[in-house]
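> Below is a structure I'd like to ask you about.
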Amino acid sequence: MIGSESIRYALRNIAHRKGRSFLTVLSIFLGIATIFIFVSFGLGLYGYMNDLLEGGSGDKIMVQPKGSMGVPGLDSTFALTDNDVEVVSRAGGIYEATGSVFKIAEVESRDELKYVFLLSYDPSIPILMDLYDVDVKEGRWLRKGDSGKVLLGYNYLIDDKIFSKGLKINDKITVQDKELRIVGFMESVGNPQDDSQVYVINDYVDEIYPNDSNSYGWIVARADKDNIDWAVENVERGLRNSRDMEEGKEDFSVESFTDMIESFSTAMDIIIGFVVLIALISVVVSAVNTANTMITSVIERTKEIGVIKSIGGTNSEVFGIFLFEAGFLGFVAGVIGVLLGWGAAALGGYILDKGFYLVLFGREFGFGGGWGFLAPVFPGYLFGGLIVFAVLTGAISGAIPAWNASRTNIVDALRYE
Amino acid sequence: MVTERKELIRLRNVSKFYEMGNSVVKALNEVNLKVYEGEFVAIMGPSGSGKSTAMNLVGSLDVPTHGSVFLDEIDISTLGESELAQIRGKKIGFIFQSFNLIANLTTIENVMLPMMFQGTGIDKRRKKAEELLKLVDLGNRGEHYPGELSGGQRQRVAIARSLANDPEVILADEPTGNLDTKTGAIVMEFLEKMNREGKTIIIVTHDPDLAEKYADVVYWLKDGILEKVTKREGKRFVDVTKKVKKAVKGNGVK
């Protein structure tokens with residue numbers, strides 16, 4: 001039985017050894033905070049990827065040069081043509097397909113020059129834009145025949161992001177020496193690269209880059225969602241035939257977004273798993289530390305244990321007192337760790353999204369932010385689960401010392417000095 | 001006359017041996033002892049006489065190597081650990097030479113602690129503890145920690161604690177050992193007062209004057225052997241060793 005005196009007894013014993021209790025708690029809560037931070041960001045990312053799949057990406061297939069990821073089209077040795085688009089769109093299970101040119105662009109506004117990515121698409125088959133899963137923030141999407149017009153990412157709207165002053169609809173912007181009129185701005189996608197892109201229609205790319213071959217960097221296709229793997233195989237076979245390549249020696253890769261996101265998820269699992277594993281090891285180390293604290297505590301209080309038993313405390317009551325003490329240390333560590341992790345993750349998420357700027361020792365430090373999609377989430381079970389985990393860590397590491405305490409021989413204990 | 005009184009504790013042919021390397025130390029050898037309700041008993045002996053061992057056995061803190069210990073006619077060797085703890089907590093109140101209060105609990109919490117182990121409710125515990133502290137003239141010291149009290153005061157807190165569960169026996173191990181004569185006398189007067197009110201008191205002491213001043217029966221131990229038992233008859237003590245041996249052995253339980 002744990003009564004109010006024994007709880008107070010345990011609490012005062014913890015308070016009595018402030019320094020040692022603090023170090024014990026510290027070692028546990030750092031591990032707990034680390035786990036909290038990584039799991040909250042991980043859950044946020046999983047949620048984001050899930051939203052992508054449930055949004056516009058679930059039925060999409062992408063063809064891109066083999067071995068590239070994220071920046072297709074910059075490899076000049078690889079080219080996808082209108083013929084390839086035709087092959088893809090005719091493959092079984094594919095509804096429609098479109099190519100996209102991906103270039104580096106020099107953009108200029110009010111004498112400020114920046115280098116960004118330019119992406120082109122066919123406004124009559126705007127499935128590439130479905131992948132972003134966002135709407136236009138201001139103005140409109142590009143339309144067929146929009147030569148000399150440009151759609152901009154969200155960051156162009158904001159002061160001090162791309163240009164010192166944000167742009168407006170119908171402003172002019174120079175792209176590769178061509179002056180283009182802005183027809184719209186997209187909503188924020190949540191990462192700085194996508195939010196800094198400029199978009200033009202496929203038919204206008206040759207005018208902006210008159211000296212380049214301007215082949216497609218990737219092809220995006222919309223497929224039958226229920227038979228997407230079959231559609232991927234069909235596209236592969238079609239392209240292999242039309243490009244006259246042997247199986248296994250293709251210079252292109254065909255993947256559904258679902259697969260891409262899943263393989264990304266697997267990579268994330270490994271990274272998050274690895275970090276959480278390290279944090280768990282630190283928790284195990286702190287459990288050893290807790291056990292050490294409790295062992296010392298039991299030895300120090302040998303005589304008191306004898307007294308408690310002589311006035312009617314049973315073995316299980318003595319066990320309960322010490323177990324409670326260890327569990328309580330874990331509880332405090334869990335609460336602090338979770339709160340600390342929460343604060344750190346929320347702050348981290350805020351900085352990733354909004355950036356930060358500070359002056360330290362006369363030097364400027366800053367980070368532009370824009371990684372809004374890396375937002376941590378804080379479900380209730382993460383708080384509860386980690387606190388319970390911390391309590392268990394404390395209790396388990398305190399179990400053996402508590403057991404030893406409960407087995408203490410009264411006569412020896414009373415004689416102990 | 002002897003048989004009319006209720007028997008509380010009986011040690012029958014009790015021995016306690018300790019192994020020290022290759023040799024066996026006979027801390028207590030074939031000792032017989034019997035304590036009746038309402039008696040004031042002293043276990044007397046110089047250091048090394050086995051009196052502490054005897055106290056541990058009488059208080060059921062320890063079990064004998066040979067022989068039997070009966071508490072309220074129950075052979076304690078038949079009891080499990082938690083039953084023994086319960087009986088100890090309920091029937092016996094301990095007072096130690098070095099007070100043995102718990103430093104991290106206040107005076108009143110120290111007195112409340114034994115009641116907690118008996119499952120007494122918190123309000124009742126507090127009320128009883130307040131009464132007991134008043135009884136030992138420490139009614140205003142409830143919220144103090146033991147470290148803030150003098151030795152005599154601490155021993156009075158220990159007396160209050162020993163009374164918490166209203167035990168039949170108070171077992172005091174050298175209760176005045178760490179106190180000066182004057183405060184020691186105060187503590188002994190409290191014990192004497194409780195004895196007058198019906199409590200059975202057993203003290204363990206090395207001081208024959210203390211034993212004979214307060215006790216009705218004195219068990220004299222030497223080298224682990226019960227040398228003699230003396231009993232107060234009027235103003236003097238008479239040897240009743242044979243009587244006790246006979247009473248212990250001839251009392252039903254074999």
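> Looking at segment B:143-158, can you tell me whether even one residue there is part of a helix (DSSP H, G or I), at the interface with another protein chain (Cβ under 10 Å from one of its Cβ atoms) and in contact with a Ser or Thr (Cβ under 6 Å, 6 or more places away or on another chain)?
For segment B:143-158, residues part of a helix (DSSP H, G or I), at the interface with another protein chain (Cβ under 10 Å from one of its Cβ atoms) and in contact with a Ser or Thr (Cβ under 6 Å, 6 or more places away or on another chain): absent.
> Enumerate the pairs (first residue in segment B:96-120 and more than 7 Å from every other protein chain (Cβ to nearest Cβ); second residue anywhere and in a loop (DSSP other than H, G, I, E, B) and of a type in the set (Asp, Glu)) with beta-carbon separation below 6 Å, excluding pairs fewer than 6 apart on the same chain, so at least 6 apart or on different chains.
Final answer for the pair search is B:GLN97/B:GLU174; B:THR106/B:GLU143.
> Return yes when B:GLU30 is away from every other protein chain (no Cβ under 14 Å), of a type in the set (Asp, Glu), open to solvent by 20 Å² or more (accessible area, probe 1.4 Å) and farther than 27 Å from A:ILE308 by Cα and no when it is not.
Yes.
> Looking at segment A:4-37 only, could you name the residues that are within 14 Å of chain B (Cβ to nearest Cβ) and not aliphatic (A, V, I, L, M)?
Listed by number, the residues that qualify are A:SER4, A:GLU5, A:SER6, A:ARG8, A:TYR9, A:ARG12, A:ASN13, A:HIS16, A:ARG17, A:LYS18, A:SER21.
> Report yes if A:ASP146 is part of a loop (DSSP other than H, G, I, E, B) and modelled with pLDDT under 90, otherwise no.
yes
> Taking only pairs six or more apart or across chains, which ones have beta-carbon atoms under 6 Å, a first residue in segment A:118-141 that is within 24 Å of A:GLU207 (Cβ to Cβ) and not assigned by TED's automatic domain parsing to the domain that holds A:ASP177, and a second residue that is of a type in the set (Lys, Arg) and modelled with pLDDT under 85?
Listed pairs, sorted by first residue: none to list.
> Which one is surrounded by the fewest Cβ atoms within 10 Å (Cβ to Cβ) among residues in segment A:288-312 that are within 14 Å of chain B (Cβ to nearest Cβ) and among the β-branched types (Val, Ile, Thr)?
A:THR302
> Tally up the residues in segment A:98-116 that are open to solvent by 30 Å² or more (accessible area, probe 1.4 Å) and either under 25 Å from A:ASP51 (Cα atoms) or among the β-branched types (Val, Ile, Thr) (or both), please.
Qualifying residue count, segment A:98-116: 1.
> Give me a count of the residues in segment A:80-97 that are open to solvent by less than 40 Å² (accessible area, probe 1.4 Å) and not in a strand (DSSP E or B).
Summing the residues that are open to solvent by less than 40 Å² (accessible area, probe 1.4 Å) and not in a strand (DSSP E or B) in segment A:80-97 gives 8.
> Can you pull out every residue in segment A:313-327 that is within 14 Å of another protein chain (Cβ to nearest Cβ), of a type outside the set (S, T, N, Q) and open to solvent by 10 Å² or more (accessible area, probe 1.4 Å)?
A:GLU317, A:PHE319, A:GLY320, A:PHE324, listed by residue number.
> Another question, if that's okay. Of the residues B:LEU101, B:LEU113, only one is at pLDDT 90 or above, in contact with a helix residue (DSSP H, G or I) (Cβ under 8 Å, 6 or more places away or on another chain), under 16 Å from A:SER4 (Cβ atoms) and crowded, with 16+ Cβ neighbours inside 10 Å; which?
When all the criteria are applied, what remains is B:LEU113.
> If the Cβ limit is 9 Å and pairs must be 6+ apart or interchain, which residue in segment A:98-113 that is in a loop (DSSP other than H, G, I, E, B) pairs with which residue that is small (Gly, Ala, Ser)?
The qualifying pairs are A:VAL101/A:GLY73; A:VAL101/A:SER120; A:VAL101/A:SER215; A:VAL101/A:GLY217; A:ARG110/A:SER164.
> B:LEU138 fails exactly one of the following numbered conditions: (1) open to solvent by less than 60 Å² (accessible area, probe 1.4 Å); (2) modelled with pLDDT of 90 or more; (3) more than 14 Å from A:ILE308 (Cβ to Cβ); (4) facing another protein chain (nearest Cβ under 10 Å). What is the number of that condition?
(4)
> If you check every pair at least six apart or on different chains, which have Cβ atoms under 8 Å apart with a residue in segment A:252-270 that is under 18 Å from A:LEU43 (Cα atoms) and touching a residue at least 60 places away in the same chain (Cβ under 8 Å) first and a residue that is open to solvent by 30 Å² or more (accessible area, probe 1.4 Å) and basic (Lys, Arg) second?
Qualifying pairs under 8 Å: none.
> Are there any strands (runs of 3 or more DSSP E) wholly within segment B:2-56 with 1 or more residues that are small (Gly, Ala, Ser) and in contact with a His (Cβ under 9 Å, 6 or more places away or on another chain), and if so which?
Here the list reads B:7-20.
> How many residues, within segment B:195-209, are buried (at least 20 other Cβ atoms within 10 Å of the Cβ) and farther than 11 Å from B:GLN97 by Cβ?
Selection size over segment B:195-209: 4.
> Just the residues that are of a type in the set (Ser, Thr, Tyr) and either open to solvent by 70 Å² or more (accessible area, probe 1.4 Å) or more than 16 Å from A:LEU239 (Cα to Cα) (or both), please, taken from segment A:208-228.
A:TYR209, A:SER213, listed by residue number.
> On the given criteria, is A:GLY370 in contact (Cβ under 8 Å) with a residue 60 or more places away in the chain, crowded, with 16+ Cβ neighbours inside 10 Å and of a type outside the set (A, V, I, L, M, F, W, C)?
Considered against the rule, which asks whether it is in contact (Cβ under 8 Å) with a residue 60 or more places away in the chain, crowded, with 16+ Cβ neighbours inside 10 Å and of a type outside the set (A, V, I, L, M, F, W, C), A:GLY370 comes out as yes.
> Now for a separate question. Does A:ALA344 satisfy being out of contact with any strand residue (DSSP E or B) (no Cβ under 9 Å at 6 or more places or on another chain), of a type outside the set (Val, Ile, Thr), in a loop (DSSP other than H, G, I, E, B) and open to solvent by 30 Å² or more (accessible area, probe 1.4 Å)?
No.
> Shifting gears a bit: Regarding segment B:173-182, can at least one residue be identified that is crowded, with 21+ Cβ neighbours inside 10 Å, more than 18 Å from B:GLY59 (Cβ to Cβ), in contact (Cβ under 8 Å) with a residue 40 or more places away in the chain and touching a Phe, Trp or Tyr at 6+ places or on another chain (Cβ under 9 Å)?
Looking for residues that are crowded, with 21+ Cβ neighbours inside 10 Å, more than 18 Å from B:GLY59 (Cβ to Cβ), in contact (Cβ under 8 Å) with a residue 40 or more places away in the chain and touching a Phe, Trp or Tyr at 6+ places or on another chain (Cβ under 9 Å), one finds none in segment B:173-182, hence no.
> Would you point out which residue out of B:GLU131, B:GLU143, B:GLU37 is open to solvent by 10 Å² or more (accessible area, probe 1.4 Å) and either of a type in the set (Lys, Arg) or without any contact (Cβ under 8 Å) to a residue 12 or more places away in the chain (or both)?
Every option except B:GLU131 fails the conditions.
> Let me ask another. For segment B:75-93, how many residues meet the condition of being buried (at least 16 other Cβ atoms within 10 Å of the Cβ) and more than 9 Å from chain A (Cβ to nearest Cβ)?
Final tally of qualifying residues: 3.
> Identify all residues within segment A:343-364 that are over 14 Å from the mean Cα position of the chain (by Cα) and either hydroxyl-bearing (Ser, Thr, Tyr) or under 30 Å from A:PRO379 (Cβ atoms) (or both); write none if there are none.
Within segment A:343-364, A:GLY343, A:ALA344, A:LEU347, A:LYS354, A:GLY355, A:PHE356, A:TYR357 qualify.
> So which residues in segment B:210-229 are in contact with a Leu (Cβ under 9 Å, 6 or more places away or on another chain) and open to solvent by 30 Å² or more (accessible area, probe 1.4 Å)?
B:TRP220, B:ILE225, B:GLU227
> Collect the residues in segment B:169-188 that are charged (D, E, K, R), within 14 Å of chain A (Cβ to nearest Cβ) and part of a loop (DSSP other than H, G, I, E, B), keeping them in residue-number order.
B:GLU174
> What pairs come up if the first residue lies in segment A:388-415 and is within 12 Å of another protein chain (Cβ to nearest Cβ), the second is part of a helix (DSSP H, G or I) and open to solvent by 70 Å² or more (accessible area, probe 1.4 Å), and their beta carbons are under 9 Å apart, counting only those six or more places apart or on different chains?
A:SER406/A:SER316
The values are calculated or read from the model by the stated rules, or taken from the named source; none is laboratory data. Just so it is clear, the structure is predicted and the values come from calculations on it, not from any experiment. Backbone-built Cβ (ideal geometry, glycine too); neighbour counts: all protein chains shown. Just so you know, the surface numbers come from the protein's heavy atoms only, side chains and all, with ligands and any DNA or RNA stripped out. Shrake-Rupley method; radii C 1.70, N 1.55, O 1.52, S 1.80 Å.
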